[in-house]
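Asker: Here you go, one structure.
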Amino acid sequence: MPPTHDGEKQAAMDLAEDSRQKEWVHPSFVAELFRGRVRWELVSPFPVQDPEDKRIGDEYIERVREVLETHVDPEAVDRNGEVPKAALDALKAIGCFGLKIPKEYGGLGLSQINYNRVVGYMSTYCASTSVYVSSHLSIGVPQPLKLFGTEDQKKKFLPRLAKGAISAFALTEPGVGSDPAKMSTMATPSADGSYYLLNGEKLWCTNGPVAEILVVMAVTPPKIVNGKEKKQITAFVVETDTPGFEVGHVCQFMGCRGIRNGLLRFHNVKVPAENIIGKPGQGLKIALTTLNTGRLTVPGTCAAGARAALHACQDWVSERVQWGAPIGQHQSVGKMLANMVADAYAMDSIDALCCAYADEGAVDLRLEAAMAKYYCTEASWRICDDFIQVRGGRGYETAESLRKRGEKPIPAEMAMRNARISRIIEGTSEIMQLFIAREAMDTHVRRIMPILMPRPDDKDSKIKHILRAAKFYLGWYPKTWLPGDGWDARYLSSENRSHVRYVGTCAKRLARKMFHTMVKYRERLEYEQLILANFVDIGTYLFAMATCLARAERQLAESPGVQQLQDVVDLYCRNARERIEAAFSSVKHNHNTLVHEVSRAYMEGGYEWMVRDVYADFPPILDPQELALMAEAAKTASSAPAHTQSG
Ligand SMILES: Cc1cc2nc3c(=O)[nH]c(=O)nc-3n(C[C@H](O)[C@H](O)[C@H](O)COP(=O)(O)OP(=O)(O)OC[C@H]3O[C@@H](n4cnc5c(N)ncnc54)[C@H](O)[C@@H]3O)c2cc1C
């Protein structure tokens with residue numbers, strides 16, 4: 001069912017569509033998978049890190065370890081909500097804020113895989129400390145500058161950023177989260193075009209309250225395209241010492257308590273026109289492209305977290321005896337452990353593959369990165385939950401409390417609080433599903449939509465589009481019924497070779513079903529999010545299976561006959577196949593209409609009877625006037641020096 005605000009929704013969709021990266025310069029394993037073709041050569045032989053590069057990474061991790069062990073007590077950071085300045089200074093001194101900045105601009109020029117390893121290690125030691133570095137390097141000013149900046153901009157800003165001038169990425173606003181079309185921060189050009197005046201608010205900007213430099217997305221004057229006014233969003237580099245900038249509020253969260261994240265205000269902040277990244281109007285595309293590779297750090301930290309959880313559980317499940325046996329021997333606990341191991345292997349493999357893609361630059365990884373983010377954050381949440389469950393009451397107890405009672409201070413609850421944000425930032429799981437689904441459907445959208453919904457500016461006639469589509473589908477569709485592409489694995493067990501064949505055949509089945517669904521729902525398909533999510537899940541599990549199988553083949557070639565490796569991949573693939581089959585079944589047999597009815601009724605107050613008198617109001621209900629007064633009071637308080645930039 002379409003949502004109610006149709007005009008608004010269309011504007012949002014148009015802007016998102018305009019800002020989509022439409023070109024595919026390099027091949028993509030996942031894009032091909034959705035077309036029914038498994039390009040095994042893009043995953044196998046599975047890439048391994050060059051030993052010299054690994055040595056560089058290992059040595060650097062040792063330097064970071066020294067800094068963290070000297071200056072950071074992760075429990076104190078969690079308790080006090082602050083990463084010690086000495087730690088940040090020491091990290092700056094060893095070049096940590098320039099990890100991913102090329103050497104020619106004063107950075108360390110680490111490969112993506114080493115960068116992920118360093119940040120992954122940091123995040124397991126102290127999540128808040130790692131966020132300072134990853135927000136700065138993965139999405140902060142260095143990333144869009146490297147991708148879209150001019151040589152002058154790179155020379156001007158990158159050396160400063162590498163030395164430790166902390167930066168941040170400012171896209172979100174109080175009214176603008178997943179949908180940037182309603183963005184209201186304005187950048188008004190001066191009469192001679194030499195500068196812009198920035199006005200507005202940005203919310204939840206990580207590092208924002210301590211940043212020297214920001215990348216800010218703002219609305220610039222609209223452009224007329226084909227007689228229609230088009231909203232323009234532009235990316236600016238903004239120095240936070242410019243008059244008119246202030247930190248309105250420093251936010252506090254359930255996890256990552258030591259990060260500095262805030263509400264930023266811009267009041268007539270003067271930004272030189274030469275600080276525009278790319279061209280005016282390209283801002284949203286720049287932001288989204290920055291996130292395409294920027295979000296690769298998240299799978300790295302999730303995979304590292306999974307390894308840390310496995311490590312922390314190992315002794316416990318053997319030493320803790322209940323009902324006459326170590327708890328790990330009870331089948332229910334054993335299932336959690338085995339699934340944690342299998343998921344951790346998949347996360348690790350996906351992370352390694354995506355990093356190799358980023359380092360080699362021969363694969364377009366926008367879909368792979370989105371899947372990696374989506375898959376690893378969801379799996380990380382499952383692992384955190386099992387980690388706590390396996391630890392029982394101790395999983396829920398804080399590390400400090402455990403220590404004070406003389407027990408091993410395993411911070412499972414803190415790990416869970418820290419991990420929760422990953423499913424929200426840099427594209428929520430639901431938005432990742434929509435993003436992947438849009439790209440997955442692109443083959444059909446490009447061919448079928450011009451027939452169903454011709455655009456006024458389309459120069460080709462409907463007949464021409466029909467003939468073109470017919471030619472394509474007559475060639476493509478019959479092939480989706482043929483057996484899938486296999487690959488001649490030499491070291492995998494027969495069970496695992498059967499999973500290889502399944503991936504090949506299932507990709508064709510997926511492509512065929514997606515086409516059938518497109519024909520059935522036509523332009524209404526975009527509203528069938530639950531069906532699209534099933535397709536995304538199938539594609540994601542197939543990608544994960546292919547990645548695990550290819551990696552295992554490579555590992556087994558080096559150490560043949562390792563049964564544990566065959567088993568973990570077999571288990572992963574069996575679990576994945578169960579989920580894939582359930583998702584296929586849910587495309588056909590579901591109760592999505594009922595889900596819609598119940599949620600709609602809930603939104604209209606139909607279930608108020610169920611909650612009435614049971615709880616105190618949660619949160620206290622304030623009337624709009626009261627809220628306006630509170631906002632005004634917060635504004636006044638924010639002009640106090642304690643809340644400004646230094647905070
Ligand atoms: C700790 C933290 C750090 C952050 N750091 C930064 C930062 O450095 N820079 C920055 O710019 N932002 C940052 N953010 C903002 C973050 O990126 C947003 O919270 C995120 O994009 C989601 O936006 P939202 O919270 O407004 O949720 P909303 O967009 O309001 O979404 C609420 C819920 O609705 C779902 N939803 C929304 N639209 C759809 C749809 N079309 N279909 C299906 N489901 C939908 C979402 O998935 C979510 O579950 C940070 C946030 C936090 C909490």
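Asker: Hey, can you rank 166-177, 145-156, 344-355 by average C-beta count inside 10 Å, highest first?
Answerer: Numbers: 166-177: 22.0, 145-156: 16.2, 344-355: 25.4.
Descending mean neighbour count gives 344-355, 166-177, 145-156.
Asker: Cα-Cα over 25 Å: which of Lys182/Lys228; Lys285/Lys513; Lys92/Lys404? Numbers along the way, then the final one.
Answerer: Numbers: Lys182/Lys228 17 Å; Lys285/Lys513 31 Å; Lys92/Lys404 34 Å.
In this structure, Lys285/Lys513; Lys92/Lys404 exceed 25 Å between Cα atoms.
Asker: Let me ask another. Which of the cysteines found in the chain have nothing to pair with, since no other Cys Cβ lies under 4.7 Å from theirs?
Answerer: Lacking a cysteine Cβ partner under 4.7 Å: Cys96, Cys126, Cys205, Cys251, Cys256, Cys313, Cys354, Cys355, Cys384, Cys506, Cys548, Cys573.
Asker: Next up: Which ³J(HN,Hα) values, rounded to whole Hz and listed in residue order, are derived for the stretch 539-554 from phi using the Karplus coefficients 6.51, -1.76 and 1.60 in 6.51 cos²θ - 1.76 cosθ + 1.60 with θ = phi - 60°, glycine and proline given as x?
Answerer: My calculation for the stretch 539-554 gives x, 5, 5, 5, 4, 5, 4, 4, 5, 5, 5, 5, 5, 4, 4, 5 Hz in order.
Asker: How many nm is it between the label spots at Gln564 and Ser184, if each spot is 7 Å from the Cα in line with the beta carbon?
Answerer: Label at Gln564, label at Ser184, 5.7 nm between them.
Asker: Would you rank His591, His596 by solvent-accessible area, highest first, keeping every protein chain in place and using a 1.4 Å probe? All intermediate terms of the calculation are to be shown ahead of the outcome.
Answerer: Working: His591 125, His596 65 Å².
Highest to lowest solvent-accessible surface, that is His591, His596.
Asker: Now a separate question. Give me the distance between the Cα centres of the stretch 16-57 and the stretch 519-568, rounded to whole Å.
Answerer: A separation of 14 Å, based on Cα centres.
Asker: Highest mean first, how do 445-455, 524-534 rank when packing is the count of other Cβ atoms within 10 Å averaged over residues? All intermediate terms of the calculation are to be shown ahead of the outcome.
Answerer: Values: 445-455: 15.1, 524-534: 18.4.
Taking the mean over residues of other Cβ atoms within 10 Å, the ranking is 524-534, 445-455.
Asker: Something else about it: When the helix-only estimate is applied to the chain (DSSP H runs of n ≥ 4, each -39,500 (n - 2.57), divided by the residue count), what is the mean residue ellipticity at 222 nm, nearest 500 deg cm²/dmol? Please list the in-between numbers first.
Answerer: Values: 25 runs with 364 residues, N = 647.
Here the helix-only value at 222 nm equals -18500 deg cm²/dmol.
Asker: If amide H atoms are built 1.01 Å from N in the plane of the peptide, which residues on other chains or at least 5 residues away come under 5 Å of the amide H of Thr220?
Answerer: Amide H neighbours of Thr220, under 5 Å, 5+ apart: Ala187, Gln232, Ile233, Thr234.
Asker: Still on this structure: Give me the dipole magnitude in Debye, nearest 20, for the stretch 460-617 about the Cα centre, with unit charges on the beta carbon: positive for Lys and Arg, negative for Asp and Glu.
Answerer: About 1100 debye.
Asker: What spacing in nm lies between the two simple spin-label points modelled at Asp14 and Lys54, each 7 Å away from Cα in the Cβ direction?
Answerer: Rounded to a tenth, the inter-label distance reads 5.3 nm.
Asker: Arrange the residues Arg468, Arg35 by how much accessible surface each exposes, largest first, with a 1.4 angstrom probe.
Answerer: Numbers: Arg468 120, Arg35 75 Å².
Ranking Arg468, Arg35 by accessible area, largest first, yields Arg468, Arg35.
Asker: Provide the solvent-accessible area of Asp385, counting protein heavy atoms only and rolling a 1.4 Å probe, rounded to the nearest 10 Å².
Answerer: Accessible area, nearest 10 Å²: 80 Å².
Asker: Would you calculate the volume per residue, in Å³, of the smallest convex hull containing every Cα atom of the chain?
Answerer: 191
Asker: Also, quick follow-up: About its Cα centre, how strong a charge dipole does the chain have in debye, to the nearest 20, once Lys and Arg get +1 and Asp and Glu get -1 at the Cβ?
Answerer: Details: 79 positive and 78 negative charges, 346 e Å.
Dipole size: approximately 1660 debye.
Asker: What distance in nm separates the simple spin-label points at Lys408 and Lys279, each placed 7 Å from Cα in the Cβ direction?
Answerer: My value for the distance between the label points is 5.9 nm.
Asker: Glu69: net charge of surrounding residues, Cβ under 13 Å, Lys/Arg +1, Asp/Glu -1, itself excluded?
Answerer: Values: positive: Arg63, Arg65; negative: Glu62, Glu66, Asp73.
Counting the neighbours of Glu69, the net charge comes to -1.
Asker: Using protein chains only and a probe of 1.4 angstrom, how many square angstrom of Tyr125 are accessible, to the nearest 10?
Answerer: Surface open to solvent at Tyr125 totals about 60 Å².
Asker: In addition: With θ set to phi - 60° and the Karplus curve 6.51 cos²θ - 1.76 cosθ + 1.60, what are the ³J(HN,Hα) couplings of the stretch 266-276 in order, to the nearest whole Hz, using x for Gly and Pro?
Answerer: Values, residue by residue: 10, 10, 6, 6, 7, 10, x, 4, 6, 8, 6 Hz.
Asker: While we're looking at this one, here's another question. Tell me, how many Å apart are the Cα centres for the stretch 497-511 and for the stretch 306-338?
Answerer: When both Cα centres are located, 34 Å separates them.
Asker: Here is a further query. Can you grab the distance from the C-alpha centre of the stretch 244-276 to the C-alpha centre of the stretch 148-162, Å, no decimals?
Answerer: After rounding, the separation between the Cα centres reads 21 Å.
Asker: If you don't mind, there's one more thing I want to ask. Determine ³J(HN,Hα), in whole Hz, for all residues of the stretch 256-263 in sequence, where each value follows from phi through the Karplus function 6.51 cos²θ - 1.76 cosθ + 1.60 and θ = phi - 60°; x replaces Gly and Pro.
Answerer: 6, 6, x, 6, 10, 9, x, 8
Asker: Ranked highest first by average number of other Cβ atoms within 10 Å, how do 205-212, 72-79 line up? Working shown, then result.
Answerer: Numbers: 205-212: 25.2, 72-79: 18.4.
Result, highest mean Cβ count within 10 Å first: 205-212, 72-79.
Asker: If I stretch the segment between Ala191 and Arg579 completely, what's the gain in nm (0.36 nm per residue apart, minus their alpha carbon distance), one decimal? Don't jump to the answer; show the numbers that get you there.
Answerer: On the way: separation 388, 0.36 × 388 = 139.68 nm, distance 5.89 nm.
Taking 0.36 nm per residue and subtracting the Cα distance, the gain is 133.8 nm.
Asker: Suppose R0 equals 45 Å. What FRET efficiency, 1/(1 + (r/R0)^6) with r the Cβ-Cβ distance, do Lys520 and Val25 give to the nearest 0.05?
Answerer: Working: r = 33 Å, r/R0 = 0.73.
Rounded to the nearest 0.05, the efficiency is 0.85.
Asker: Next question, about the same structure. Quick one: with all protein chains in place, what share of the accessible area of the chain is carbon or sulfur, to the nearest percent (1.4 Å probe)?
Answerer: Details: 17600 of 31300 Å².
Roughly 56 percent, rounded to a whole number.
Asker: What net charge is computed for the residues neighbouring Glu212, neighbours being all others with C-beta under 9 Å from the C-beta of Glu212, Lys and Arg scored +1, Asp and Glu -1?
Answerer: Details: positive: Arg160; negative: Glu239, Asp241.
Local charge sum for Glu212: -1.
Asker: Grab the Cα-Cα distance for Ser461 and Arg612, subtract it from 0.36 nm times how many residues apart they are, and report the gain in nm with one decimal.
Answerer: 48.5 nm
Asker: Which of Pro144, Ala544, Ile448 sits closest to the plus end of the dipole of the chain, meaning its Cα is farthest towards the positive end, when Lys and Arg get +1 and Asp and Glu get -1 on the C-beta?
Answerer: Ile448
Asker: Lys and Arg at +1, Asp and Glu at -1: add these up for the other residues within a Cβ distance under 12 Å of Ser498 and post the number.
Answerer: On the way: positive: Arg497, Arg501, Arg574, Arg577; negative: Glu495, Asp570.
Charge balance near Ser498 sits at +2.
Asker: Going Cα to Cα from Lys163, which aspartates and glutamates come in below 17 Å? Please leave out same-chain ones fewer than 8 positions away.
Answerer: Here the aspartates and glutamates satisfying the reach criterion relative to Lys163 are Asp89, Glu104, Glu212, Glu239.
The values are calculated or read from the model by the stated rules, or taken from the named source; none is laboratory data. Note that the coordinates shown come from a computational prediction; the quantities given were computed from them, not determined experimentally. Here Cβ is always computed from backbone atoms with ideal geometry, including for glycine, and neighbour counts include all displayed protein chains. SASA here: full protein model, heavy atoms, side chains in, ligands and nucleic acids out. Shrake-Rupley method; radii C 1.70, N 1.55, O 1.52, S 1.80 Å.
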